[in-house]
Amino acid sequence: ILVSGQGSAELAPDMAMLQLIVTREADTARAALDANSAAMAQVIKALRGEGIAERDIQTNNFSIQPKYVYPPQKPQEESQAPRIVGYTVRNGLAVRVRDLGKLGAVMDQAVTLGVNEGGNILFSTDDPSAAIEQARSAAVTWALVAAGLADLINAAMAAAVGAAADVPQNGLRPPSSG
């Protein structure tokens, strides 16, 4: 007879992860980059002003892309190559907000200063270890109850119960925030 246990624990989130993106367009790559860099600097300064630590702000997903215009194609004429008419610069920030009471102010300030894409708020917890231990303990308790039931079944069948041979911990992952 094989017995197993399952446990779970719920955990209230204590932080949020945001993805914020500043996008700027201009006639030249340099102008688009300069505008993007200026807006990004203001956003980062504001985040720091809200108490977001430097370690909780990470730039990501930076790109410079040309914008093309495709001339209309006329029948019986040679096709024309597309023309570059400007550039788009995108720069992202992954931000960890550890004080959830500041989340609204952080989002508002970021949008006011130039963030024009993003959000994607993911609530999480900084340290799920207590909840993992609680779930593990519940699983062991459940397994012990199941083992007691196995003993009853074995006794009824006049079979012997052996020692535990394997104690796997499948599916161990941080708990969801509910």
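The values are calculated or read from the model by the stated rules, or taken from the named source; none is laboratory data. Predicted, not measured: the structure shown is a model, and the values here were computed from it. Heads up, the Cβs are rebuilt from the backbone with ideal geometry, glycines too, and the neighbour counts pull from every protein chain shown. Keep in mind that these areas ignore ligands, DNA and RNA; they rest on the heavy atoms of the full protein, side chains included. Shrake-Rupley method; radii C 1.70, N 1.55, O 1.52, S 1.80 Å.
Count of region 68-106 residues, restricted to those that are out of contact with any strand residue (DSSP E or B) (no Cβ under 7 Å at 6 or more places or on another chain) and closer than 27 Å to GLN58 by Cα, is 5. Criterion first (within 30 Å of ARG98 (Cβ to Cβ), exposed (fewer than 11 other Cβ atoms within 10 Å of the Cβ) and under 23 Å from the mean Cα position of the chain (by Cα)) does GLU54 satisfy it? So GLU54 passes the test. Given the structure, is VAL22 at pLDDT below 95 and of a type in the set (Val, Ile, Thr)? When the stated conditions are applied, VAL22 does not pass them. The residues in region 1-31 that are under 30 Å from TYR68 (Cα atoms) and either outside any loop (DSSP other than H, G, I, E, B) or touching a Phe, Trp or Tyr at 6+ places or on another chain (Cβ under 6 Å) (or both) can be counted, and the count is 11. State whether the residues of region 109-122 include one that is free of Cβ contacts under 8 Å to residues at least 40 places away in the same chain, more than 21 Å from ASP14 (Cβ to Cβ) and not hydroxyl-bearing (Ser, Thr, Tyr). Yes, region 109-122 contains at least one residue that is free of Cβ contacts under 8 Å to residues at least 40 places away in the same chain, more than 21 Å from ASP14 (Cβ to Cβ) and not hydroxyl-bearing (Ser, Thr, Tyr). Can we say LEU172 is at pLDDT below 60 and either aliphatic (A, V, I, L, M) or farther than 13 Å from SER8 by Cα (or both)? Answer is yes for this residue. Residue-level analysis places LEU47 among those that are open to solvent by less than 60 Å² (accessible area, probe 1.4 Å), assigned to a helix (DSSP H, G or I) and under 20 Å from VAL111 (Cβ atoms).
Residue pairs whose Cβ atoms lie under 9 Å apart, separated by 6 or more positions or on different chains, with the first residue in region 61-89 and closer than 30 Å to LEU20 by Cβ and the second open to solvent by 100 Å² or more (accessible area, probe 1.4 Å) and hydroxyl-bearing (Ser, Thr, Tyr), are ILE84/TYR68; VAL85/TYR68.
Exactly one residue among ARG90, ARG83 is over 30 Å from GLN134 (Cβ atoms), open to solvent by 40 Å² or more (accessible area, probe 1.4 Å) and at pLDDT 95 or above, and that residue is ARG90. When the residues of region 109-131 are narrowed to those that are more than 11 Å from the chain's Cα centre (by Cα) and over 30 Å from ALA35 (Cβ atoms), which ends up least open to solvent (accessible area, probe 1.4 Å)? Applying the filter and picking the extreme gives ALA131.
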